[in-house]
Structures are given as structure tokens and as C-alpha cells.
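All remarks here apply to the structure that follows.
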Amino acid sequence: MSEIAVRMTKRNHNAFVHLLGALESQGFELDELLITKDFKEIFRARPKVVLYSFFTEEIWGSLRDEVGLLKKRGALLVAGGYHAIAMPKHTLNVLGFDIAVIGEGEEVLYQLLTALKSAGYKITKELANIKGLAFYLNGEFVFTGFAKVEDFWRFPPYPESVRLISPIEITRGCPFGCYYCQTPYIKGFRMRHRPIDQIVKYSRRMKDMRYITPNAFAYGSPGAILKLNKLEALLKALQPLRKEGRRLFYGTFPSEVRPEFVLPETLELLIDYADNRRLAIGAQSGDDAMLKAMHRLHRVEHVQRAVEYMIEYGFEPVVDFIVGLPNETEESQRRSIELMKWIIAKGGKVRAHYFMPLPGTPWARCKPSPLSNEMKKFLGRMAAKGKIEGAWSNQMELSRKIQKLIEEFYEEPMAYHGGVKKIC
Ligand code: SF4
């Protein structure tokens, strides 16, 4: 019988695959774990500990029911992921978890499970020596510090003894610090990259080779500048695997690229070395003032230039926008509509998202702006024609719920560099 269960879901799959690889490489026997996406299987197995990982958007789903059922059975519940890091007190006090993992999980999870095993799966004062945890001990809130894994490539992306794969995380951290985004505050501002030989080694297990990175064209770079030779070296090194029949998808799902990095030289590399002819970029707004306000550090002209180049080189641009940004006026929204129209006329696709004030970001306490009638009509019309994708309308409801959650339970988030700048 497994005493520890891992509650896998579609959304936490990639994170847990990487964490299981890290656990195993530190000597943890994975056959001791029940790893499943089937909650009923976990419930029936009566494990002593259950590991969860989730985003704030998921806390209104089945999560609370599952927690309630497991707690009645006396299981110790551990939460990791973006919500637990940004709102540990809410995770413990309101959602009902016993321990929140704060930061990058590779080392802290191994130490935590080892300590729990030797303490009979109870919270003891020994946990206070493990960096990266929040929990209550004798009624006192304990936070042991933010866990950082600077050289995350010390750990393999996949476990050996369990047949699980996912897109490989090749780069961690992002220097841009967009105010709506959790990545730099949880993974740090400095980009770190998995070495090429390791990427090649583990890519062998994928049929379609896909990667996780905040900006696929920044591979090998400290972050904000292009290192073409490093990028080329990675793509070249993957070519023998392509020749064996695998396809290489780079700069598209589940990653994307920054618009300023879309240049003839980067597109030429993709033509020579990759199989995708779609490329995803983030535009976010058609208004330079909004781009400045959200700290995107690029302008509308970079988006237009990127789209022009993509069309010229035969790529279909897939361009993300956020609508309902804080302090977005009708005029700002009109500018976004103009840019979306221009992209669609060029043959590109638009993906529209409604602004969500995510905890742990500088914009966590900012209010979304209502959509103008013009924007609502435009999005509806274009979606009906299949020109715009995205879940902006469902996200409006979700955004309201997150805003209410933050108003009610705001807490200073735990962050990679200590604090998060507050803008609103
Ligand atoms: S949105 Fe992208 S570029 Fe901006 S901080 Fe997040 S990961 Fe970095």
C-alpha cells in the first residue's frame, strides 16, 4: 500500500513529472508512491500524505471537495504550485492544507517527504529546518524561507522508474517582470538554462519534441538579449533526433517567444531546424501606454515587425492579447482592436484573454477594466468567424472571483527575491 499519493491533473502534469524526476535522482523510491489522475483511486488507497499542486484559477473546482474527503480520513495534505506560494495562509487556513511548499520544489519536496516518513507522517518541529515550507506548529504560523534551486538542471526532467514524460523545461526564470505575470516572482528574474546534452538525452523519449520556457528564442541568454549561437547549437543538436522521425516544435505550445526576438535570423533557424510553421508571441495590448504601464518593455511596433517577419518567412503568427487591463480606457481598447484587425488581415490568429489579478504579482490588487461595447462586439464577431480564440468570456467570471479572493484574503506573497512591487 502506498502511504504517499501524488494527485496528478492535466494542469500539474508537467510540474509533477519534473518533480518525480528530481525525487528519484535524490534517492527516493518512486514505487512507494501512488501517482494518479484518478481521485477515487487515491481516496480508496487511504494514503497518509497526498501531494497537490494547483493554480489560483483551480481553487473553485473539485479541489475543496477532495480536500474535505481526504481530511475526514486523516490524510496530511501538502500543496505546492503558484497559489500555495502566493497565498500560503489562504492555502492552509481556508483551503485546509496542512503544509504549503514555498518556492522551487525539487529539493524541499525530497526533504519534506523524507522527514515526514521518519516522523510517522506528522508535522514536527524538525520541519522548521527545511527551507521552503509554511505550516502551523502548535498554533503558530511557521515559514521557513523561499526554496530556490538555482541550477535546476542538476535534476533530470523525467523519472526512470515510472513511464511519464512531458515537454521538457529548458529554461527557468524571466528578466522582464511584466506586472501581471507570476513567473519572475516565483522562478526568479535570472534565466537559467538546461544544458544541451541533457535536453538531447531526454528529448529522445518524446515523439513530438516540445519545451517549456518563458521565451524559446532566449535559450542560452542571460535573458533580455538574443544569443543566436546558443540557440542554433541547441536546435542543431536536436537534428539527429528529427532524422530518426521525431518532430521538433519550438516557440509554440506550450511555450512562446517575445516579439523583439522574432527576427529574420531566428526564423531562418526554425525553417532549417524545426517542424512548426506557427509561432506564438505575446502582444498583450495595441496601446504603447498600456504596454508601458504593464512593464512589457516592448512597443506595438515590435509586435508589428514580428508579425511582418513571420508572414514573410511563411509562419502563421498566433498573437496573445489581454483585454480588460487595469486602467484600460475605451481608447486603449480601440487601439488593441486596431492591432488585432491588422494581425487578422495579415493572416495571423489572435488569442484573447481577460485580465486576471493573479496573487503574487505587482498587479494582484489592480481591478480589471470593463470591456467597451465595441470590444465585446468585435471579439464576439471574430470568434464566430474563427479568427479569434481564447477564453476571455469565461475568464471574466474567474477574474471577478480572484479579485474578490484577494480583497478578502490578501497576504504579502512569498517571492523569489523577497518581495513583490505593489502597483495598485
Ligand atoms: S509574461 Fe512572459 S515575458 Fe513577461 S514576465 Fe511573464 S514570462 Fe516573462
Every listed condition ((1) at negative phi; (2) away from the ligand (no atom under 16 Å from the Cβ)) holds for residue 220 save (1)
Expected output for segment 295-315 (first residue within 12 Å of residue 263 (Cα to Cα) and modelled with pLDDT of 95 or more, partner aromatic (Phe, Trp, Tyr) and within 14 Å of the ligand (Cβ to nearest atom), Cβ below 9 Å, 6+ apart or cross-chain) is 306/261
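Output the residues belonging to segment 274-292 that are within 16 Å of the ligand (Cβ to nearest atom) and surrounded by 19 or more Cβ atoms within 10 Å (Cβ to Cβ).
Of the residues in segment 274-292, the ones within 16 Å of the ligand (Cβ to nearest atom) are 279-285, 290-292.
The answer is 279, 280, 281, 282, 283, 284, 285, 290, 291.
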Q. Does at least one position in segment 150-167 carry a residue that is surrounded by fewer than 16 Cβ atoms within 10 Å (Cβ to Cβ) and touching a Ser or Thr at 6+ places or on another chain (Cβ under 9 Å)?
A. yes
Per the filter on segment 219-252, residues assigned to a helix (DSSP H, G or I) and in contact with a Leu (Cβ under 7 Å, 6 or more places away or on another chain) are 231, 232, 235, 242
Quick check: is even one residue across segment 349-371 buried (at least 18 other Cβ atoms within 10 Å of the Cβ) and farther than 30 Å from residue 81 by Cβ?
no
Considering segment 296-346, residues that are within 16 Å of the ligand (Cβ to nearest atom) and basic (Lys, Arg), and then whichever is nearest to residue 403 (Cα to Cα), we arrive at 296
Exactly one of 76, 19, 34 is crowded, with 23+ Cβ neighbours inside 10 Å, aliphatic (A, V, I, L, M) and over 22 Å from residue 405 (Cβ atoms), and that one is 19
Every listed condition ((1) loosely packed, with under 15 Cβ neighbours inside 10 Å; (2) of a type in the set (A, V, I, L, M, F, W, C); (3) in contact (Cβ under 8 Å) with a residue 60 or more places away in the chain) holds for residue 318 save (1)
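Quick grid of which residues meet (1) modelled with pLDDT under 95; (2) touching a Lys or Arg at 6+ places or on another chain (Cβ under 7 Å); (3) surrounded by 19 or more Cβ atoms within 10 Å (Cβ to Cβ):
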{"position": "185", "(1), (2), (3)": "yes, no, yes"}
{"position": "194", "(1), (2), (3)": "no, no, yes"}
{"position": "199", "(1), (2), (3)": "no, no, yes"}
{"position": "204", "(1), (2), (3)": "no, no, no"}
{"position": "209", "(1), (2), (3)": "no, yes, yes"}
{"position": "215", "(1), (2), (3)": "no, yes, yes"}
{"position": "226", "(1), (2), (3)": "no, no, yes"}
{"position": "229", "(1), (2), (3)": "no, no, no"}
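Would you say residue 380 is within 30 Å of residue 59 (Cα to Cα), surrounded by fewer than 19 Cβ atoms within 10 Å (Cβ to Cβ), without any contact (Cβ under 8 Å) to a residue 40 or more places away in the chain and not β-branched (Val, Ile, Thr)? Quick ask: steps written out before the conclusion?
Details: within 30 Å of residue 59 (Cα to Cα): yes; surrounded by fewer than 19 Cβ atoms within 10 Å (Cβ to Cβ): yes; without any contact (Cβ under 8 Å) to a residue 40 or more places away in the chain: yes; not β-branched (Val, Ile, Thr): yes.
Answer is yes for this residue.
Among the candidates 240, 259, 264, 254, single out the residue that is within 16 Å of the ligand (Cβ to nearest atom), surrounded by fewer than 20 Cβ atoms within 10 Å (Cβ to Cβ), at negative phi and of a type outside the set (Val, Ile, Thr). Let's see the steps before the verdict.
Working: 240 fails: within 16 Å of the ligand (Cβ to nearest atom); 259 fails: surrounded by fewer than 20 Cβ atoms within 10 Å (Cβ to Cβ); 264 fails: within 16 Å of the ligand (Cβ to nearest atom).
Step by step, each of 240, 259, 264, 254 is checked, and only 254 is within 16 Å of the ligand (Cβ to nearest atom), surrounded by fewer than 20 Cβ atoms within 10 Å (Cβ to Cβ), at negative phi and of a type outside the set (Val, Ile, Thr).
Does at least one position in segment 57-64 carry a residue that is outside any loop (DSSP other than H, G, I, E, B) and over 23 Å from residue 356 (Cβ atoms)? Break it down stepwise before answering.
Here is the first cut: in segment 57-64, the ones outside any loop (DSSP other than H, G, I, E, B) are 57-58, 63-64.
From the residues that got through so far, the ones that are over 23 Å from residue 356 (Cβ atoms) too are none.
So far as segment 57-64 goes, no, none of its residues is outside any loop (DSSP other than H, G, I, E, B) and over 23 Å from residue 356 (Cβ atoms).
Every residue in segment 149-185 that is within 15 Å of the ligand (Cβ to nearest atom) and part of a loop (DSSP other than H, G, I, E, B), please. Walk me through it before giving the result.
Start the filter on segment 149-185 by keeping residues that are within 15 Å of the ligand (Cβ to nearest atom), which leaves 169-185.
Result: 170, 173, 174, 175, 176, 177, 178, 179, 180, 181, 182.
With the requirement that a residue be part of a helix (DSSP H, G or I), more than 9 Å from the ligand (Cβ to nearest atom) and within 30 Å of residue 368 (Cα to Cα), what does segment 186-206 give you? If you could, list the steps in order and put the result at the bottom.
Restricting attention to segment 186-206, the residues satisfying the condition of being part of a helix (DSSP H, G or I) are 186-187, 196-203.
The next check asks that each one be more than 9 Å from the ligand (Cβ to nearest atom); those that pass are 186, 196-203.
Within segment 186-206, just 186 meets the criteria.
The values are calculated or read from the model by the stated rules, or taken from the named source; none is laboratory data. Keep in mind the model is a prediction, meaning the values are calculated, not measured. Because the Cβ atoms are built from the backbone with ideal geometry, glycine has one as well, and the counts that use them run over all protein chains shown.
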